[in-house]
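Chemist: Here you go, one structure.
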Amino acid sequence: MKWFLSRSLVVKIVLILVVIGGVVVSVRSVSRGSKAVQYQTATVERGTVVSTISASGTVLISNLVTITTGASGVVKNVLVKDGDTVAAGQNIAEISLDSSGAQQAASAWSSYLSAKNSVDTANTTLWTLQSDMFSKWDTYKKLAESADYDTPEERTLPAFFIANDNWLAAEAKYKQQQSVIAQTNAALSSSWFFYQTRSPMITAPIAGTVTNIGLVTGMVLTSQTGQRVAVIANKAAPLASFTISEIDVPNVTVGQKATITLDSIAGKTFTGVVATVDRIGTTSNTVTTYPVTIKLDTSSDQILPNMAANASIIRETKADILMIPTSAVQMQNGTSTVRVLRNGKEEQVTVQTGISSDTQTEIVSGLSEGDVVITGTTSAAVTTTTRSVFSGFGGPGGMRGR
């Protein structure tokens, strides 16, 4: 302190300014923030790209067939149990019909016999018409081969025309009767199916394994249509119905393979094939969708009707092609571009792409195997602190008198 007091006024002022400046600069240290860019990259490599069309829907039918009855009465006997294998037409259960059930069964049986009689009558008529048609044909054929009607002028005579018309009319009646035969056979089948729903003997409609038996001996059944008796499971492949958009429908055809997942069956993927494509579609709120039916290759006891399902229809598959992550491809004015990292510097390259999946895109030209493409970038903050050169000046011991 004595040293400081002994100095001149000018020296004292200079020393004070230097100390104050050092303190201010020390206090006002500067922090500058900057961002370093980090690249997320992938290498152009060879592989397989599977282009798919996604669709959602439900299981249409599974390998289950429900047995129902409309008979009323008391269950007399249940002839099978869960797990039994049955043949088509095999007896499942027997019912002792009440008066109402017996009346309905008798009426259904009468309708069946009437339909059967109609089929027999229709067949008899068909045979008669067939005989008449052949007879008329033979008459016409003899006239056509006769020397009396071998010129164009002679074939305009009434007798020739009558023979020709009789044959054509007989042929038309015969063909019309064939349609009648088809109609009466359909009516016969319908009446038989209806009788089965009212019959005291319940039978299996198809071959398979019996499950979910809902009858117990002594149970009372009312005349309710569609009472469930049991379920038969067979090995038929399940069908699932999906909807696709108007953009995707041109690219879906019968025979395409697909993979299917079910929301309720976790961890399992089923394969299938497109069975039908409805190209008429349905429109709702100006949006048109098109139903697609997919037949699964295998069945499973876990697959039940109306389960939610998702399908990936395989549109195209290419193997041993150059591919990159789809996230690396950018579109600019209708042109596909990719950012490439070369010698530590980013370059933008125009590429020609091919098929793509959800994750991978085919590269037709513009890149080579081994090129490094940029799929994304991240930024990391870096902080730099600048300190005063006087930070150690003016502190305790920084200036000592002597």
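Chemist: Strands (runs of 3 or more DSSP E) wholly in the stretch 258-298 with at least 3 residues that are surrounded by 13 or more Cβ atoms within 10 Å (Cβ to Cβ) and in contact with a Lys or Arg (Cβ under 7 Å, 6 or more places away or on another chain) - which ones?
Modeler: Fully inside the stretch 258-298 and qualifying: 265-277.
Chemist: Which residue is modelled with the lowest pLDDT, if the candidates are limited to the stretch 235-257 and must be under 30 Å from T69 (Cβ atoms) and surrounded by 13 or more Cβ atoms within 10 Å (Cβ to Cβ)?
Modeler: Applying the filter and picking the extreme gives A236.
Chemist: Still on this structure: Quick test for you: out of V254, V216, pick the one residue that is over 21 Å from N306 (Cα atoms), among the hydrophobic types (A, V, I, L, M, F, W, C) and outside the structural domain of T128 (by TED's automatic domain parsing).
Modeler: V254
Chemist: Within the stretch 257-277, is there a residue that is without any contact (Cβ under 8 Å) to a residue 40 or more places away in the chain and in contact with a Phe, Trp or Tyr (Cβ under 9 Å, 6 or more places away or on another chain)?
Modeler: Checked the stretch 257-277: at least one residue is without any contact (Cβ under 8 Å) to a residue 40 or more places away in the chain and in contact with a Phe, Trp or Tyr (Cβ under 9 Å, 6 or more places away or on another chain).
Chemist: Could you please let me know if S312 is closer than 12 Å to F242 by Cβ, touching a residue at least 60 places away in the same chain (Cβ under 8 Å) and of a type in the set (G, A, S)?
Modeler: For S312, the condition - closer than 12 Å to F242 by Cβ, touching a residue at least 60 places away in the same chain (Cβ under 8 Å) and of a type in the set (G, A, S) - is met.
Chemist: Select, from A207, A172, the only residue that is surrounded by fewer than 19 Cβ atoms within 10 Å (Cβ to Cβ) and more than 30 Å from N77 (Cβ to Cβ).
Modeler: Answer to the check: A172.
Chemist: Here is a further query. If you take the residues of the stretch 317-336 that are outside any loop (DSSP other than H, G, I, E, B) and polar (S, T, N, Q), which of them is modelled with the lowest pLDDT?
Modeler: Q332
Chemist: Condition first: crowded, with 17+ Cβ neighbours inside 10 Å and in contact with a strand residue (DSSP E or B) (Cβ under 9 Å, 6 or more places away or on another chain). Now tell me which residues in the stretch 185-202 satisfy that.
Modeler: Correct list: Q196, T197, R198, S199, I202.
The values are calculated or read from the model by the stated rules, or taken from the named source; none is laboratory data. Note that this is a predicted model, so its numbers are computed, not measured. Cβ sites come from the backbone with ideal geometry, for glycine too, and all protein chains shown count toward neighbours.
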